[in-house]
Amino acid sequence: QRRVHGKEGQALYRKVQHIFALPGNIKQHLAAGNYEQAIHEYQKATSVMEGSSSRLHAKIFREVAEQIEQFKRRMLNDLERPTEDKQRILAYLTQLSNWEAGDDSAWDYVRKHHAFVSKTMTSIVKGDSQQTSMFGGVEDTAEAAKSKVVRLSEFVASHLPDLWRGATWLLEAPRARSHAEDVKKMLVDILRQYNFNCKQMIFPTGDADPLGVPRLFACAASAVKCLERLLETDIPRDILTDVELLTLSTARSLVTSAFAQCKTDSLALSTEETWAVEHTNKGDFVTALPRLWLVIFSRTLDIFKAPLLPLILRNEKLATEFRDGFFDALCVFPDCIHRIVFDGDTIAQDSFILTAVQNVNKAKAQCVVPLVKRMQEMHVLHNAPFPAEQQLKDVIDIYEQLEVMIFEVYMRRKILKLNKVIERSVLYEGVDWKKYSGSRDELRESAVSVGLHLVTVHAELRLCHPRFLPDVLARLLDAAVTRYMQCVKTIRQFGSTGGLQLCCEVLFLDRCLKQFRTEDEQLKLQRLCAYLTVPSGTDDAGSSASGRHSKRMNTIIERAAHRTQAQFECFTQLVDDDLQT
């Protein structure tokens with residue numbers, strides 16, 4: 001019985017000792033950050049001493065309760081902790097709220113967190129001393145707007161999921177379920193504030209593209225990251241609708257601005273053409289324009305990487321706008337070349353015109369096709385309403401049509417010059433073709449000059465653009481025969497010697513360029529020779545005259561060919577050799 005009483009005394013002593021030690025233990029736990037242990041000790045003290053008539057118990061309990069109240073106030077006033085601490089703190093406050101009747105400190109913490117988020121967003125929008133020092137006092141409105149949008153997005157992405165998780169976790173407690181609508185209003189309020197401020201800075205009234213592409217990209221990327229972060233939580237999707245619309249409108253503005261800038265920079269290349277040529281592996285000459293244009297276009301596509309590309313792929317309308325902007329921008333390089341050739345000052349050298357053709361050809365083969373392939377790798381062309389192959393074909397057609405147009409400019413200039421040489425030889429040397437009595441066995445020097453003019457064309461093409469050589473010389477030969485016929489028809493009458501002389505000159509030119517003959521040119525040549533070798537005023541002497549003069553004409557032509565062999569040797573080389581040079 002003595003032992004029993006001794007044990008009871010020891011238990012009572014330990015209990016009293018623990019009660020007296022409670023204030024000190026709780027203080028130590030709170031100072032060490034052991035909040036859970038401190039709350040556990042507080043709950044024990046409450047169960048033992050709350051409602052006790054003992055004045056000593058009441059004194060000790062008041063001291064313990066004051067320490068817990070200080071802990072609550074400190075937690076409510078300190079929201080600058082990392083996210084994981086906020087969750088723990090809210091859990092501790094919720095424990096206290098569930099334990100103490102009438103305690104609403106956990107809900108107070110949620111409200112203060114909402115007020116902190118709203119106040120911080122307002123501070124970011126208005127600008128603080130840190131932003132002022134960042135921009136050095138210079139009123140760079142666009143840069144400041146971009147910085148604010150990025151900071152707002154990062155802040156909302158960091159704090160809103162934390163606020164939502166804490167509030168919804170708190171709502172699981174029976175006493176807090178009445179705050180469900182208040183929590184939703186908090187989220188709507190923050191997101192409405194975020195959307196309004198971002199729209200004001202990204203799309204100010206009266207300015208379609210105030211930020212420029214780089215800043216707009218930063219805004220769009222931060223908005224997309226913010227949305228993705230929010231979607232990772234279980235925040236109701238209907239609350240995030242406005243954020244999704246903001247993100248899509250920012251991305252759409254970026255797509256429009258980026259390709260508009262690409263088109264502007266591409267057209268600006270027309271003022272930078274210096275005709276400084278660069279060799280290609282085929283021996284043709286091009287300038288730096290195709291290479292610079294590829295850099296401009298590649299830089300534009302580089303913008304649309306993660307996280308923007310997945311957003312574009314998810315939204316069919318945005319993907320369509322992206323594809324349309326891409327193919328529209330592909331057609332700007334032909335506009336640039338068209339400006340250079342047709343809208344600017346007269347091009348100084350004919351070879352520059354062919355260089356322009358080569359630029360278009362290189363851009364078509366080495367820029368357009370790789371860019372379309374890159375778009376396919378980005379999966380933007382998948383599920384398009386029109387097949388990418390058809391759109392590519394339409395773009396290629398534009399390039400090829402421009403090649404033909406520019407080539408015709410070159411041919412027109414060459415034909416005009418050739419026509420002047422022929423006119424001077426036939427019409428403007430004061431020759432009386434009816435009474436012509438020049439050397440009956442030699443070609444005139446002016447006739448040789450027609451061939452020499454084509455030699456200069458051959459040299460120009462072979463040096464810079466050998467792939468054009470066969471087509472150009474074939475067309476020039478045909479144009480020469482046509483012009484000879486036109487000039488001859490303006491002469492009223494030929495003597496037999498004069499007609500023979502002109503016939504030899506035309507046949508000599510045809511002989512020099514025999515590798516470039518065409519069927520059409522041969523038919524024209526036959527009609528011209530028949531016209532020149534038929535004596536005036538006769539109807540049936542054509543065949544006899546042709547037979548009588550054929551041998552003599554061959555002699556004159558062979559003699560001229562031997563004399564000018566060195567001058568016209570370039571025409572005797574194989575066309576394939578020219579193309580491989």
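Relative to the Cα centre, the charge distribution of the stretch 431-473, modelled as +1 at Lys and Arg Cβ and -1 at Asp and Glu Cβ, gives a dipole magnitude of about 100 debye.
To the nearest µm²/s, what D does Stokes-Einstein give for the stretch 300-349 at 10 °C and 1.306 mPa s, using the Kirkwood radius over alpha carbon pairs as Rh? Provide the component values of the computation, followed by the final result.
Numbers: Rh = 13.3 Å.
Reported coefficient: 120 µm²/s.
Placing pseudo-labels 7 Å out from each Cα toward the beta carbon at Gln37 and Gln565 gives an inter-label distance of 11.4 nm. Under the simplified labelling scheme, the Lys199-Phe116 pair shows an inter-label distance of 3.0 nm, with each label point 7 Å from Cα along Cα→Cβ. Largest first, the residues Val431, Val481 sort by 1.4 Å accessible area into Val431, Val481.
Taking square-rooted eigenvalues a ≥ b ≥ c of the alpha carbon gyration tensor, is the stretch 323-432 rounded, prolate or oblate, where a/c under 1.5 means rounded and, failing that, a/b exceeding b/c means prolate?
Numbers: a/c = 4.24, a/b = 3.52, b/c = 1.21.
Here the stretch 323-432 falls in the prolate category.
Average accessible surface for the stretch 243-394: 45 Å² per residue, computed with a 1.4 Å probe over protein heavy atoms with every protein chain in place.
Going by accessible area, probe 1.4 Å, with all protein chains left in place, what is the ranking of Tyr531, Tyr436, Tyr410, Tyr428, largest first? Provide the component values of the computation, followed by the final result.
Values: Tyr531 105, Tyr436 35, Tyr410 0, Tyr428 155 Å².
Output order, biggest surface exposure first: Tyr428, Tyr531, Tyr436, Tyr410.
In this structure, the pairs whose alpha-carbon distance is over 22 Å, taken from Lys27/Lys112; Lys414/Lys434; Lys148/Lys225, are Lys27/Lys112; Lys414/Lys434. Protein heavy-atom surface of the stretch 303-394, 1.4 angstrom probe: 51% of the accessible area is carbon and sulfur, with nucleic acids and ligands not counted. For the stretch 443-542, carbon and sulfur atoms together expose 51% of the accessible surface, with a 1.4 angstrom probe and every protein chain in place. Counting heavy atoms of the protein chains alone, Ser425 has an accessible area of about 0 Å² for a 1.4 Å probe.
Model label points for Met485 and Arg552, set 7 angstrom from Cα along the Cα-to-Cβ axis, are 2.6 nm apart.
Once the C-beta distance of Lys59 and Asp108 is scaled by a Förster radius of 30 Å, the resulting FRET efficiency is 0.60 to the nearest 0.05.
The values are calculated or read from the model by the stated rules, or taken from the named source; none is laboratory data. A quick note: this is a predicted structure, and the numbers were derived from the prediction, not measured. Reconstructed Cβ throughout: ideal geometry from the backbone, glycine too, with neighbour counts over all protein chains shown. Just the protein is used for accessible areas: all its heavy atoms, side chains included, with ligands, DNA and RNA removed. Shrake-Rupley method; radii C 1.70, N 1.55, O 1.52, S 1.80 Å.
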